[in-house]
Every structure is written in C-alpha cells, then in structure tokens.
1. Based on DSSP H runs of at least 4 residues, each adding -39500 (n - 2.57), what is the mean residue ellipticity at 222 nm of the chain after dividing by all its residues, to the nearest 500 deg cm²/dmol?
2. Taking amide H positions as placed in the peptide plane 1.01 Å from N, state which residues far from L285 in sequence (5 or more) or on other chains have amide H under 5 Å from it.
3. Once a ≥ b ≥ c are taken as the square roots of the eigenvalues of the Cα gyration tensor of region 221-269, is the result rounded (a/c under 1.5), prolate (a/b larger than b/c) or oblate (a/b not larger than b/c)?
4. Tell me, what is the percent relative contact order of region 223-282, built from C-alpha pairs under 8 Å that lie six or more residues apart?
5. Less than 10 Å Cβ to Cβ from A79, Lys/Arg counted +1 and Asp/Glu -1: what total charge do the surrounding residues give?
6. Can you give the FRET efficiency to the nearest 0.05 for Q145 and A3, using r as the Cβ-Cβ distance and R₀ = 35 Å?
7. Given a 1.4 Å probe, how much area per residue of region 56-150 is accessible, in Å²?
8. Run the paramagnetic zone check for R245: 7 angstrom along Cα to Cβ, then residues of region 83-115 with backbone nitrogen under 13 Å.
Amino acid sequence: MVAVIVVAALAFLALVTQAGVLRAERAHPVQGRMIEVAGAALHVVDIGPRDAIGPPIVMLHGASSNLEVMRQPVGDRLARNHRVILIDRPGHGWSTRASLEDSTPEIQGRMIEEALAKLGVGRAIFVVHSWAGALGLRMALDYPQRVAGLVMVAPVAYPWPGGVGRYNEVVTLPVIGPLLAYTITLPLGTFVAEPGARRVFLPQTMPDGFVEGTATPLLLRPREFLANARDLVTLKAAVAEQAPRYAGIQAPITILAGDADKTVSTSIHSRPLAATAPNARLIVLPGVGHMVQNAVPDLVVSEIEAMIGRMAQSTAAAK
C-alpha cells in the first residue's frame with residue numbers, strides 16, 4: 001500500500017510538473033531565432049542597429065537565469081546605439097543542448113563561437129555576468145580573434161571553498177536526479193523561486209515583478225533545471241583548469257563587482273583576476289551585491305560604451 005501511494009504521488013507530481021511547464025512556456029515564448037550548432041540549438045535575440053559604430057555587444061547570463069536578465073537592465077538601453085546580441089546559454093531559456101555533460105565553459109564557448117560565426121559576427125565585446133564570467137574568460141583564451149574586450153559583472157573566475165548547494169548536487173545523480181526534476185522540483189520551486197531571487201539581490205531590493213518579468217519560471221522546467229545543476233557542479237573544476245592561463249589574455253577587461261556580494265565573492269574572484277590579467281581594471285562598488293547590472297545600470301552601460309570609445313580611438317590612431 002505504501003508503494004502504491006508513493007507511485008501515485010509521483011505520478012500526480014509529474015502531471016503537475018508538465019502542466020507547469022506548459023504554463024511557463026506559454027507565458028514566456030521564444031523571443032528571437034534558433035541557431036543550430038553542434039550539440040545544441042541556441043536561442044538568440046539580435047537587437048539594435050546593424051550598422052552601429054564599433055563592435056557588436058554579446059551578452060551572456062549566469063546560472064539560474066536566461067537572456068532576459070541581461071536584456072532588461074542594460075541590453076535594451078545599449079541597443080539604442082549598438083548592435084546587441086543576447087544568447088540563452090546552452091540548456092537555458094529556449095536554448096537546448098543534446099547532452100547534459102556539455103556543461104563546461106569550454107564546450108559552451110565552442111557552441112557560442114559557432115553561433116556567432118553563423119550570424120556573421122566578427123570581433124565583439126562580451127558582457128558576462130556571474131557563471132558566464134568563466135565562460136567569457138574561456139572564450140578570450142580559446143577565441144582571441146573573437147573577443148575584442150570583456151566587461152565582467154560579478155564574475156566567477158577561480159575555484160572557491162564550499163559547494164553549490166546540496167540540492168544541485170543531488171539532482172545531478174543518476175536516476176534520482178531526473179526523478180526529482182520531473183516530479184517535485186517545479187511544484188517546490190514555484191514557492192521558493194521568488195525568495196531565492198530576493199536573496200541573490202541582497203543587500204539591494206529585488207525589483208517588483210522581476211521573477212515573471214525575466215522568465216525565471218522557465219528555470220523550473222526539468223530539462224533546464226538539470227542543465228543548470230550540471231553547470232554549477234562542474235564549474236569549480238573547470239575554472240581550476242583554466243585559471244592558470246589568465247595571464248595570457250590580451251583583450252581589455254573591465255570588472256565591476258560589489259563588495260557586499262555574498263553569491264560570488266569579490267575577494268576570491270574579481271580581485272585576483274584584476275591582479276593577473278594584464279589589461280584588466282577593477283571597479284569595486286561599496287554596498288553592492290551580486291546583481292550589479294540592476295543596482296548600477298548607468299555605470300554598467302557607461303563602462304561598456306567607454307570600452308567601445310577606447311577601441312575607436314585606438315583604431316583611429318593606428319590609421
């Protein structure tokens with residue numbers, strides 16, 4: 001009888017999950033175009049004037065999010081004067097990936113490089129947040145001809161003490177992980193998504209309507225939750241492997257990080273990176289937490305435009 005009750009409960013939760021997936025996808029449909037690459041189909045939103053002066057801006061989001069987290073605070077504003085390319089990382093938002101194992105910055109960088117080539121994009125400025133800090137650095141290492149500059153917002157760059165949350169670790173286990181993802185993750189996540197997002201914003205206040213406005217409910221879909229968990233649990237080993245190479249990055253780097261960030265420590269990541277990469281400059285923001293682009297959007301926009309301006313001056317001087 002106990003077994004029958006457990007199976008019935010799991011079946012009910014699986015139905016609830018599928019209903020939740022349909023509701024989330026109807027509420028937050030595809031906004032751009034899908035680009036097929038090896039191992040994935042990437043959702044890309046390409047906005048702003050194609051003939052803008054200066055390199056295009058590629059914006060890459062962190063963990064537990066999608067391209068809307070980059071679009072709303074600064075992406076739409078930048079698109080008034082620049083070409084802005086927003087990408088759902090493989091497995092996130094509306095992007096797919098064929099294998100959950102394709103979780104590292106190296107592999108995702110290869111997929112994004114292929115998508116940009118198909119778009120006909122040349123050198124670009126990459127604006128990266130949180131998890132995508134490691135991705136931007138990896139692309140600067142592997143594809144220096146593509147990365148004209150990096151603007152890094154609360155970036156992950158180095159190994160850190162501790163883990164990434166017990167639930168993420170459990171969800172990556174064989175059998176039990178998919179079982180949890182396809183049954184209890186979405187119903188449970190519906191109640192904890194907003195409080196969790198509020199914690200990431202601290203000490204700032206999360207904007208009203210942020211969770212729905214940034215399509216965060218898409219994260220709770222089983223296939224995306226599994227991909228996100230895999231990204232998180234494999235990240236420490238990935239940055240440990242690539243960190244010794246940072247001194248070889250020649251692209252200019254601007255790092256914006258808050259000294260009150262409890263999600264990605266500025267002392268562990270941003271300060272050592274600024275001391276290692278030869279063309280890096282660090283701006284530490286007093287009292288600012290992890291969501292720098294929401295806390296100081298004017299500064300983020302101005303630093304991106306300043307990098308474009310410096311590149312234009314350098315190009316003019318070389319002629």
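The values are calculated or read from the model by the stated rules, or taken from the named source; none is laboratory data. The shown structure was predicted, so the numbers you read here are calculated from the model rather than taken from an experiment. Methodologically, a virtual Cβ is constructed for each residue, glycine included, from the backbone with ideal geometry; neighbour enumeration extends over all protein chains shown. Side chains included, ligands, DNA and RNA excluded: accessible areas come from the protein's heavy atoms. Shrake-Rupley method; radii C 1.70, N 1.55, O 1.52, S 1.80 Å.
1. -14000 deg cm²/dmol
2. A257, G258, D259
3. Numbers: a/c = 2.24, a/b = 1.45, b/c = 1.55.
Judged from the Cα gyration tensor, region 221-269 comes out oblate (a/c at least 1.5, b/c at or above a/b).
4. Numbers: 42 pairs, mean separation 22.2, N = 60.
That works out to 37 percent.
5. So the surrounding residues net to +2.
6. Efficiency for this residue pair is about 0.05.
7. 26 Å²
8. Within reach of a label on R245, which here means backbone N under 13 Å from a point 7 Å along Cα→Cβ, region 83-115 contributes 105-110.
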